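The values are calculated or read from the model by the stated rules, or taken from the named source; none is laboratory data. Quick caveat: nothing in here was measured; it's all calculated off a predicted structure. Backbone-built Cβ (ideal geometry, glycine too); neighbour counts: all protein chains shown. The accessibility values were calculated without ligands, DNA or RNA, using every heavy atom of the protein model including side chains. Shrake-Rupley method; radii C 1.70, N 1.55, O 1.52, S 1.80 Å.
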Amino acid sequence: MSPDAGAATLTTRAQDTARVREFVEREVTPRAAAIDQDSAVPAELVRALAAEGHLGATVAPGFGGTGLDQVRLGVLHEEVARGCSSTRTLLTVHGMVSDAVQRWGTDDQRAEWLPRLAAGDALGALALSEPGAGSDPTGLETTAEPVDGGYALTGVKTWISMALIADLLLVFARTPGGITAFLVPRTTPGVEVVPIDGVLGTRGGLMGQVRLSGARVPATAVLGPEGRGFPTVATTALELGRYSVAAGCVGIAQACLDAALAHTGSRRQGGALIADHQLVRRLVTDIATEVTASRLLLRQAGALRQANDLSAPTATWMAKYFASTAANRAATETVQLHGASGCFDGHPAARYFRDAKVMEIIEGSTQVQQVVIADLVRQDRRRLPDLAAPLLSTGR
Ligand SMILES: Cc1cc2nc3c(=O)[nH]c(=O)nc-3n(C[C@H](O)[C@H](O)[C@H](O)COP(=O)(O)OP(=O)(O)OC[C@H]3O[C@@H](n4cnc5c(N)ncnc54)[C@H](O)[C@@H]3O)c2cc1C
């Protein structure tokens with residue numbers, strides 16, 4: 001079945017956005033401070049996301065998902081991040097794994113995993129990074145040694161979001177022919193997940209280190225082409241992850257704007273609302289303009305991804321690059337506008353500031369993007385996104 005088959009088209013984007021926003025305001029935003037403080041997305045929120053169909057957003061209806069188009073998916077991840085970046089992280093990595101199974105899986109792998117992933121009965125995590133392989137994951141050293149009927153996996157995967165609650169790990173390992181993707185249930189003997197505490201932002205990401213010591217998986221655990229897992233499974237998963245994180249950055253920046261408007265419109269200093277001071281208005285102007293620009297780049301990337309356009313990867317890199325740096329500027333100024341009150345753990349502005357910083361590191365660091373986008377544009381001018389066409393054709 002095609003991943004797009006049966007995609008929802010019966011409601012307008014505006015209706016869908018309103019419904020997601022209502023869900024986030026009811027289920028996500030009120031929990032955000034506790035998620036940050038307790039370093040965990042709670043099980044009841046995972047159940048609420050599942051009940052609303054959000055854990056099946058990247059899965060086709062034929063497998064029990066909602067099969068959102070890419071623009072709607074971007075709206076979902078943006079709105080969830082506006083409430084809580086850690087919760088968006090869950091949608092990101094779970095969505096990456098679900099999408100990878102759908103795109104690259106055999107019929108048996110799809111039948112085994114997709115209904116469970118779509119229903120939230122199984123959660124996914126993506127295990128690519130290693131202590132010595134971050135920005136350049138092709139340097140990974142985890143091995144998958146061929147053994148009778150399958151493989152034995154040995155190595156260490158680190159900084160793995162949601163590893164502590166995931167049921168299915170998408171693990172990349174070196175086989176004799178190159179890098180190969182594997183579907184590894186977390187309960188596989190030889191798989192140990194060790195919590196990683198004290199992360200700066202997206203603190204509820206339930207991060208862990210995945211230690212593989214000769215973990216045996218059957219040959220049917222191979223996802224996609226053996227030895228070519230990087231240009232196939234990893235590449236499409238990272239593209240989706242980058243798009244999702246770009247959306248997450250728009251959500252953080254919008255949350256900053258919301259907080260900045262609320263605070264500057266109620267706090268008085270020097271005999272006036274601080275919103276009336278010219279220098280404060282300039283900061284709010286910059287945040288509002290950059291939120292809007294980020295969102296336009298995101299929508300463009302979504303429309304191009306949906307159209308499988310040649311320029312979609314470049315548009316996605318640009319959206320993530322601009323939105324992540326803009327979210328950092330917005331969060332910095334939002335702390336500034338809150339004065340001392342924004343400088344304390346527990347204040348939303350402080351959380352946005354920490355969450356935004358992490359966005360410049362994951363899914364391609366700012367420096368990697370500054371190199372890659374130039375290369376993409378230089379290699380092939382056809383990969384320059386068309387700024388007008390997709391926006392004019394999508395409507396709302
Ligand atoms: C909150 C969080 C969640 C994460 N979740 C996951 C996950 O779910 N799964 C997973 O597999 N990984 C995950 N990661 C790991 C993440 O993918 C890596 O941190 C990221 O790829 C960067 O790698 P690194 O940390 O090793 O930094 P490095 O690659 O060592 O980079 C360090 C510095 O060098 C710069 N640099 C590196 N290469 C270049 C270059 N070519 N040109 C210019 N500058 C360069 C970088 O920009 C950065 O400033 C997560 C990380 C964080 C912080």
Probe 1.4 Å, protein heavy atoms only - accessible area per residue of the chain in square angstrom
42 Å²
How large is the direction-averaged shadow of the alpha-carbon convex hull of region 243-347, in nm²?
6.7 nm²
Can you figure out the FRET efficiency of ALA272 with GLU145, using R₀ = 56 Å and their beta-carbon distance, to the nearest 0.05?
0.20
Cα centroids of region 21-45 and region 235-274: how far apart, whole angstrom?
17 Å
Along the Cα-to-C-beta direction of ASP108, a point sits 7 Å from the Cα; which residues of region 214-250 have their amide N less than 12 Å from that point?
218-222
For region 126-223, the fraction of alpha-carbon pairs in successive 5 Å shells from zero, as %
3, 15, 26, 26, 17, 9, 3, 1, 0
For region 52-210, what % of the accessible area comes from carbon and sulfur atoms, probe 1.4 Å?
50 percent
For region 309-324, in order, what is each residue's ³J(HN,Hα) by Karplus, 6.51 cos²θ - 1.76 cosθ + 1.60 with θ = phi - 60°, in whole Hz (x at glycine and Pro)?
6, 4, 8, 4, x, 4, 4, 6, 4, 5, 4, 5, 4, 5, 5, 6
Expected output is a single nm value to one decimal: the length gained when fully extending between GLN367 and SER213, i.e. 0.36 nm times separation in residues minus the C-alpha distance. What is it?
52.1 nm
Region 1-127: C-alpha gyration tensor shape, a/c 1.5 cut-off, then a/b vs b/c
oblate
Under the 7 Å Cα-to-Cβ spin-label approximation, ARG228 and ASP38 lie apart by a distance in nanometres of 4.6 nm
Which order do the peptides 64-70, 282-288, 27-33, 86-92 take when ranked by the mean count of other beta-carbon atoms within 10 Å per residue, highest first?
86-92, 64-70, 27-33, 282-288
Quick check on the chain: helices-only [θ] at 222 nm, where DSSP H runs of length 4 and up contribute -39,500 (n - 2.57) each and the sum goes over total residues. Nearest 500, please.
-16000 deg cm²/dmol
Expressed in angstrom and ordered largest first, the alpha-carbon extents of the chain along the principal axes are 79, 44, 41
Karplus couplings for region 53-70 from phi (6.51 cos²θ - 1.76 cosθ + 1.60, θ = phi - 60°), rounded to Hz, Gly and Pro as x?
x, 6, 7, x, 5, 9, 10, 5, x, x, 10, x, x, 9, x, 4, 6, 5
Cβ charges +1 (Lys, Arg) and -1 (Asp, Glu), total dipole of the chain, debye
880 debye
Check which residues have an amide H placed less than 5 Å from THR202's amide H, if you skip close sequence neighbours.
ASP355
For the chain, with the dipole built from +1 on Lys and Arg beta-carbon atoms and -1 on Asp and Glu ones, taken about the Cα centre, which of THR58, ALA122, TYR352 lies farthest toward the positive end?
TYR352
Pick out which of ILE165, ILE196, ILE274 has the largest mean-square fluctuation in a Gaussian network model of the chain, springs linking Cα atoms closer than 10 Å.
ILE274
Excluding ligands and nucleic acids, what accessible area in Å² is computed for CYS343 using a 1.4 Å probe, to the nearest 10?
90 Å²
Put +1 on the Cβ of each Lys and Arg and -1 on the Cβ of each Asp and Glu in region 191-322; which of LEU297, THR232, ALA307 then has its Cα farthest toward the positive end of the dipole?
LEU297
Given Cβ point charges of +1 (Lys, Arg) and -1 (Asp, Glu) and nothing else, what value in debye, to the nearest 20, does the dipole of region 263-396 about its Cα centre take?
200 debye
Two-site FRET efficiency, SER341 against ASP197, from Cβ-Cβ distance with R₀ of 41 Å, rounded to 0.05:
0.95
Counting Lys and Arg as +1 and Asp and Glu as -1, each charge on the Cβ, what is the dipole of region 178-247 about the Cα centre in debye, to the nearest 20?
40 debye
Could you calculate the contour length gain from GLN379 to GLN15, that is, 0.36 nm times the residue separation minus the distance between their Cα atoms, to one decimal place in nm?
127.0 nm
Considering only DSSP states other than H, G, I, E and B, which chymotrypsin sites (Phe, Trp or Tyr not before Pro) in region 259-350 qualify as loop sites with at most 13 other Cβ atoms within 10 Å?
PHE344
In region 230-394, carbon and sulfur make up what percent of the accessible area (probe 1.4 Å)?
59 percent
Under the Karplus relation 6.51 cos²θ - 1.76 cosθ + 1.60, θ = phi - 60°, what is the ordered set of whole-Hz ³J(HN,Hα) values for region 357-362, x standing for Gly and Pro?
4, 4, 5, 7, 10, 7
